[in-house]
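Report on one structure; see the data block that follows.
The values are calculated or read from the model by the stated rules, or taken from the named source; none is laboratory data. All values reported here derive from a predicted model rather than from experimental measurement. A quick note on method: Cβ atoms are made from the backbone with ideal geometry, for glycine too, and the neighbour counts reach across all protein chains shown. Heads up: the accessible areas ignore ligands, DNA and RNA and are worked out on the full protein's heavy atoms, side chains in. Shrake-Rupley method; radii C 1.70, N 1.55, O 1.52, S 1.80 Å.
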Amino acid sequence: MSIKNTDESIPKHYDPIATEDKWYSYWEEKGYFHSEPDDRESFTVVIPPPNVTGVLHMGHMLNNTIQDVLVRRARMMGKNACWVPGTDHASIATEAKVVQKLRKQGIKKSDLSRDEFMEHAWEWTDEHGGIILSQLKKLGASCDWKRTRFTLEDELYESVIDCFIKLHEDGYIYRGLRMTNWDPSAKTALSDEEVIHKEVQSALYHVRYPIKDSDQFVTIATTRPETILADTAVCVHPDDERYKDLIGKKAIIPLVNREVEIIADDYVDPEYGTGCLKITPAHDQNDYELGQKHGLEIIDMLNSDGTLSEAAQFFVGSDRFEARKLIVKELKKLDLFVKTEDVANKVGYSERTDAVIEPRLSLQWFLKMDELSKPALENVMNDEIQFHPKKFKNSYQHWMENVRDWCISRQLWWGHQIPAWFYGEGEEEYVIAKTADEALAKAKEKSGNDTLTAGDIKQDEDVLDTWFSSWLWPISVFDGFRKPDNKEINYYYPTQDLVTAPEIMFFWVARMIIAGYHFRGEKPFSNVYYHGIVRDEKRRKMSKSLGNSPDPLKLIEQYGADGTRVGMLFASPAGNDLLFDENLCEQGRNFSNKIWNAYRFLTMNMDASIDYKPTLEIDPDNLADLWMLARIQSTCAEMEKDFEGYRLNEALKKIYSLIWDDFCDWYIELCKADEYGENIPKEKLERALGIFETLMKLLHPFMPFITEEIWQRIQDRTADEALTISSWPQFDSDIDHDSIELFKRFQDQISAIRNIQSEMNLSPKAGLNLKLKPESNSLGDALKSHQWIYSKLLSVDSIEFDLNITKPEASASALVQGTEIFIPLKGLIDLDKERARINKEIDQTSGFLKSVEKKLGNKQFVENAPDAVVEKEKNKLSDAESNLKKLKQSLSELN
């Protein structure tokens, strides 16, 4: 190989933008990321599908960087790596954006037919969809783009519908009137997992309810006075002496003057509030259950958009929060308002729209979860599926043991339309079918009415919860529902690693595990790696709304994709939240520059007339070679353990240190020619390049672009020799721990000598006469046999090794791992001037120390000054004592 040693072939500065675009295009062109089933072990990862119209944010950046590290390493380990990308149709978010767009055009959703609305939705999706996937390419994501899937594409749509039908046939899906979490903004029911409970400060309103035919009152307390209009009972504890004589009597609901019974139930806590509850069965889960138990009337006083309905009788059409104010005003006029008090309570908010959730009775479709969830719980708790970190098993277990039926219907149009077809008004007058023709045949059979026509049946308008398609993702992307025994599902499933955030453990992870065991009788993946949430320095979650999130693409533009990836991973301990610091991205960019400069130095030492062949065949007599190879081997072994424990940031730190500290700061220095201006000898340079190639392999999963660039520059490569598909380093020999230990002694001793040079103001070029007193003859022989290392890294006139050396007059010394080092100072400095200088510094430091001691000895100062001021003085004291000790030591060295 011959490399031209010219400025044109080796740019002085590394250009990440040009490099990244060049190599990503090359990788795609060569099809390195595409996978087909073969004889190799598969390594399959499915991407957590982002919203189809989403754009890259910091959470995506972290999640996909981690996935890419795992996939790239698996590919280099010889596995058939398949990383399946795709997007989610995101029913609520996407429909909301389409409705918003139409509103700006003066079009209401209600003015459109379903088909017309869907045309607009697809137009929006085609225009904005897939942007995030192209952005992931900028990050370096090595996805198999030929396998890109979309949850609403025809094949996946069909799979979702087939699963609904099968689950209904098996008795797991039912339709019923239940209390649901209603999102008035999206106008749809939500599952429990889509509700975020926030602690807020609320007003607790105390209101008097008159007792019929008496001058008595009972006082209730509520945070939602607008629901008074739908009260159908008042409830007390049967043993509460305050209310015993009222049980069975009638209370009169304010404003609407509805007479309701005062009932008794053990559910009431006499110690909470007034001990007297208003019961609103249509708008509270607990009230609904009490209503069912006592046969109470149900009055739904809210419209789907959160305004008051005709059933409320008052303030019809008003928003619920405006109605709250109006009702309180009316209650005061009627002298039924008692007081308000401030309380902290938890309020449910929509995970998608951030609207306050309303408990609301609605007819919905549900999936029974109790039986389905048992295998999913068992196989996580017994580690058949392993969580990393394991701490997340506890919250998983709690949720699974208390799982509730999943509300799977949504009052939207964008999504998988529920395959239920109604042929009458009765609650059970429907059939489940894949097509209209099949539905008509089933409807005729079920109803016994052969005269039914296509115009007599109507498909359910609602769609399925977005997560009802996502929970099938690891199976559906390989067409495992339509073709359950196809070649791909049998090869790629179960997948290996799932990388996700703990916040969607219940939305997605748990449900995928449930689906895996129910539909295929096996786990969907072997490992789940939970990464933390990206937060700012104030520990706030990064978000556009807070304005505290940098633009990931701008970070890549500024620091390069490699630098940004390093910055994200450095800040990301396994399972813990990431406190993002842009300085870490700068550190990543600096690392790229360090690597580039190391490459430039090596190649600029080449002779264009010589054919160099990088090698790992080291010189067995060269301690630096033995040490560097052993450090690579030991780092490889340590990184392997980190990968097994999903401690990716620790693995990165190890290879970072190996390259920056060991290779660049020590090994390259020892490779330099003995005479300034000469090239590195051919054999040494070939070994250095061979080692550099190996380091690039170890770094490649973390920093794919610069490593490929240098790999391709070191030697001419064919398409089959690209770094991204090269083999992960493997070593046959044992780790040479003796060489690591011996070289460590040289490192520590040379560092100690450099410290003496700095402290004594010695010129680095001044020749030293080193005298070493090893702790043993064997160590002395070992140090002596490699004494060239001292001469290479220090300016040395002579070196003496002797177990009987005594400290020379006027010499500096250091004790390093049992070896005493002496540096005679005569001739290196003017001893008298140096003594005078040090004595002057001792006097100044002693005077300063006394002043600080006096201040801290002042009891009034210590007791009255702010803690921070006192602590600062204590630090001054500690520093002064330390400096004085060093000065006295330096003075003693000169005597």
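A few comments on the model shown:
- Top positive-direction residue, dipole computed over the chain with Cβ charges, set Phe481, Leu296, Gln860: Gln860
- Taking the range 666-731 and dividing mean pair separation by its residue count, relative contact order in percent (alpha carbons under 8 Å, at least six apart): 26 percent
- Residues Asp192 and Arg114, FRET efficiency given R0 of 22 Å [Cβ-Cβ distance, rounded to 0.05]: 0.20
- Counting only DSSP beta bridges with both residues in the range 193-351, the antiparallel share comes to about 90 percent.
- Annotation for the range 680-701 versus the range 197-259: alpha-carbon center distance of 81 Å.
- Scaling against 2.2 N^0.38 Å puts the C-alpha radius of gyration of the range 650-697 at 1.27.
- Hull shadow area, averaged, the range 555-621 [alpha-carbon convex hull, nm²]: 7.9 nm²
- In order through the range 181-195: 3J(HN,Hα) via Karplus (6.51 cos²θ - 1.76 cosθ + 1.60), integer Hz, x for Gly, Pro: 8, 9, 9, x, 6, 7, 6, 8, 6, 10, 6, 4, 6, 8, 10
- For the range 624-669 versus the range 731-799, the spacing of their alpha-carbon centroids is 22 Å.
- At the residue level, His60 shows approximately 40 square angstrom of accessible surface with a 1.4 angstrom probe and all protein chains present.
- Per-residue accessible area (protein heavy atoms, 1.4 Å probe) orders Arg72, Arg520, Arg540 as Arg540, Arg520, Arg72, starting from the largest.
- Between Lys458 and Ala344, full extension at 0.36 nm per residue minus the direct alpha carbon distance yields a gain of 36.4 nm.
- Antiparallel content of DSSP bridges confined to the chain, in %, to 5: 70 percent
- Helical runs (DSSP H, four residues minimum) scored at -39500 (n - 2.57) apiece and divided by the length of the chain put the mean residue ellipticity at 222 nm at -13000 deg cm²/dmol.
- Share of carbon and sulfur in the accessible area of the chain stands at 46%, probe radius 1.4 Å.
- Rounded to 0.05, the FRET efficiency of the Glu241 and Ser214 pair, given R0 = 25 Å and the Cβ-Cβ distance, is 0.90.
- Working note: Karplus 6.51/-1.76/1.60 with θ = phi - 60° gives the range 658-673 the couplings 4, 6, 5, 7, 7, 6, 6, 7, 10, 5, 4, 4, 7, 7, 4, 5 Hz, where Gly and Pro are set to x.
- Taking θ as phi - 60° and the Karplus parameters 6.51, -1.76 and 1.60, the scalar couplings of the range 389-403 work out to x, 5, 4, 6, 5, 5, 5, 4, 4, 4, 5, 5, 6, 10, 5 Hz in sequence order, x denoting glycine and proline.
- Efficiency of FRET from Cβ geometry, Tyr272 and Asp661, R₀ 56 Å, rounded to 0.05: 0.35
- Hull-based mean projected area of the range 316-449, where the convex hull spans the alpha carbons, in square nanometres: 15.6 nm²
- Burial order of peptide ranges 551-562, 711-722 (average beta-carbon count within 10 Å, highest first): 551-562, 711-722
- Rel. contact order, % - alpha carbon contacts under 8 angstrom, at least six apart, the range 249-408: 14 percent
- Candidates per trypsin sites (Lys or Arg not before Pro) in the range 159-267, loop by DSSP, up to 14 other Cβ within 10 Å: Lys212, Arg242
- About its Cα centre, the chain has a charge dipole of approximately 2700 debye under the convention of +1 per Lys or Arg Cβ and -1 per Asp or Glu Cβ, with nothing else charged.
- In the context of the full protein assembly, Phe337 retains an accessible surface of approximately 40 Å², using a probe radius of 1.4 Å and ignoring ligands and nucleic acids.
- Relative contact order [Cα under 8 Å, 6+ residues apart], the chain, whole percent: 13 percent
- The listed residues His737, His416, His237 rank as His737, His237, His416 when sorted by accessible area, largest first, using a 1.4 Å probe.
- Length available on full extension from Gln712 to Glu871: 0.36 nm per residue minus the Cα-Cα distance, which gives 51.7 nm.
- For the range 375-405 and the range 426-494, distance of Cα centres in Å: 30 Å
- Percent of Cα-Cα distances greater than 44 Å, calculated over the chain: 51 percent
- Model label points for Ile107 and Asp607, set 7 angstrom from Cα along the Cα-to-Cβ axis, are 7.6 nm apart.
- When the C-alpha to C-alpha distance is required to be over 31 Å, the pairs from Lys374/Lys442; Lys97/Lys166; Lys12/Lys654; Lys538/Lys744; Lys108/Lys446 that qualify are Lys374/Lys442; Lys97/Lys166; Lys538/Lys744; Lys108/Lys446.
- What the Cα convex hull of the range 183-275 gives, in volume per residue, is 143 Å³.
- Gained length - Ser892 relative to Ala766, 0.36 nm times residue gap less alpha-carbon distance: 43.2 nm
- Where GluC sites (Glu not before Pro) fall in DSSP loop in the range 791-837, at most 14 other Cβ within 10 Å: Glu809
- Antiparallel content of DSSP bridges confined to the range 762-895, in %, to 5: 60 percent
- For the range 337-382, the set of GluC sites (Glu not before Pro) satisfying both a DSSP loop assignment and a count of at most 14 other C-beta atoms within 10 Å is given as Glu371.
- Per-peptide packing, taken as the mean over residues of other Cβ atoms within 10 Å, places 864-877, 127-140 in the sequence 127-140, 864-877 from highest down.
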